[in-house]
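Below is one structure, written out as structure tokens; comments come after it.
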Amino acid sequence: MKIEKNEVVYTEHKYSLKENIRRNKFAYALIAPAIVAMLIVQLIPMAQGLYFSVLKLNQFTLKKFLSAPFAGFENFNRVLFDPSSNMRSGFLEALRNTGIYAVICSFMVLAIGLAAAMAVNREFKFRGLARTLLLTPWVVPSYVVGMLWGFMWQQDTGIINRILVDWLHILPEKPFWLTGSNVLWAIIIPTIWRNVPLVMIMLLAGLQNISEDYYEAAEIDGASGFQKFRHITLPLLKPIIGVQLLFAMINYIYSYNIVSMMFGHGAGYPGKWGDLLMTNIQRNSFGTWNFGAGAAATIVVMICVLAVVGLWYRVFRDSLVVDE
């Protein structure tokens, strides 16, 4: 405590980590199981994957496991620069496809989810039933989504082409959806369909926490519906939108189930226009027993994800600050 001009100013004492643990033993005891679980489930496998990425780990050295020959950065070179490597073949194309897929799915799911949340937030008859039906896609397992949409995208027998060509006459002929340049859209659309409900529920919870007083005051000032949405709804939903975008980008970068089941029920290849990072790594590492190169590829993907998280933090940093 120090005194300046008859005013008492209290300075906060900063405790060391050891002092904090001693002062808050019970609190640290409560979070200790979670810390141990994170070490076992996340940090230790991450460190092990990093170690595998510098080993020559294949079908000949797998029985040695942790004592496999040291390869240094050879695995990373095979993934990124060696054109003769099976891991390099298609990896950059999968990286491109995954970037397009993640960006489109993230923003489309957010936009559709926000529109659906605002729609079901209004009072209307059978609102509870509408909310329940809109949640249906989220209940369906992603493996089942991949299989169902795989049948729906079939050129001759699929329901999608029948609707677009035979019923609505939007297209002149039935296109191929599971081969060629249309493959990525065949993956994006079911992904959006399945993930919209979760985002809708999260944004609906945020909308219900916004006081009606803000909208009433804006209406008195003559604000239009779009102005109320822009200056009230969006700013107050920004923390939720930020968290949803973060989870969505990470989820879509690591997406695997829908693609793997849509093409060959877990063993197919969607081609250069639809291959994603996870399907590419799984096929080229487990299919050819190149586990060291596969681990190196996952490290590259992890670095890309960390870059995305860093960019996200710069954009939404102000939304994470809690006013005291």
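The values are calculated or read from the model by the stated rules, or taken from the named source; none is laboratory data. This is a predicted model, so every value here is computed, not measured. Neighbour counts run over all protein chains shown; Cβ positions are idealised from the backbone, glycine included.
Quick notes
- For Val36, the criteria (1) of a type outside the set (Gly, Ala, Ser); (2) out of contact with any helix residue (DSSP H, G or I) (no Cβ under 8 Å at 6 or more places or on another chain); (3) surrounded by 12 or more Cβ atoms within 10 Å (Cβ to Cβ) hold in every case but one, which is (3).
- Options Ile21, Ile35; residue that is more than 16 Å from Ala296 (Cα to Cα), modelled with pLDDT of 85 or more and β-branched (Val, Ile, Thr): Ile35
- Residue list for region 225-239, filter: farther than 16 Å from Glu212 by Cβ and either touching a Ser or Thr at 6+ places or on another chain (Cβ under 8 Å) or of a type in the set (Lys, Arg) (or both): Arg230, Lys238, Pro239
Matching residues to (1) acidic (Asp, Glu); (2) at pLDDT 90 or above; (3) within 11 Å of Arg194 (Cα to Cα):
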{"residue": "Ser106", "(1), (2), (3)": "no, yes, no"}
{"residue": "Leu110", "(1), (2), (3)": "no, yes, no"}
{"residue": "Ala116", "(1), (2), (3)": "no, yes, no"}
{"residue": "Phe124", "(1), (2), (3)": "no, no, no"}
{"residue": "Leu129", "(1), (2), (3)": "no, no, no"}
{"residue": "Val145", "(1), (2), (3)": "no, yes, yes"}
{"residue": "Phe151", "(1), (2), (3)": "no, yes, no"}
{"residue": "Gln155", "(1), (2), (3)": "no, no, no"}
{"residue": "Ile159", "(1), (2), (3)": "no, yes, no"}
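- Of all residues in region 252-267 being of a type outside the set (S, T, N, Q), assigned to a helix (DSSP H, G or I) and under 19 Å from Pro137 (Cβ atoms), the one that is modelled with the highest pLDDT: Tyr252
- Selected residue [touching a Gly at 6+ places or on another chain (Cβ under 6 Å) and modelled with pLDDT under 90] from Leu92, Leu66, Leu57, Leu62: Leu57
- Single match in Ala186, Ala119 (criterion: of a type in the set (A, V, I, L, M) and surrounded by fewer than 18 Cβ atoms within 10 Å (Cβ to Cβ)): Ala119
- Residue that is surrounded by the most Cβ atoms within 10 Å (Cβ to Cβ), among those in region 39-63 that are of a type outside the set (A, V, I, L, M, F, W, C) and under 15 Å from Thr298 (Cβ atoms): Ser53
- In region 210-228, residue surrounded by the most Cβ atoms within 10 Å (Cβ to Cβ) [restricted to those that are closer than 29 Å to Ile104 by Cβ and touching a helix residue (DSSP H, G or I) at 6+ places or on another chain (Cβ under 8 Å)]: Lys228
- Pairs are defined by a Cβ separation below 7 Å, a sequence spacing of at least 6 or placement on different chains, a first member in region 14-38 that is part of a helix (DSSP H, G or I), and a second member that is of a type outside the set (Phe, Trp, Tyr); the pairs so defined are Tyr28/Ile21.
- Test result for Ile253, of a type in the set (Val, Ile, Thr), under 22 Å from the mean Cα position of the chain (by Cα) and crowded, with 21+ Cβ neighbours inside 10 Å: yes
- Conditions (1) in contact (Cβ under 8 Å) with a residue 24 or more places away in the chain; (2) surrounded by 15 or more Cβ atoms within 10 Å (Cβ to Cβ); number of the one not met by Ile232: (1)
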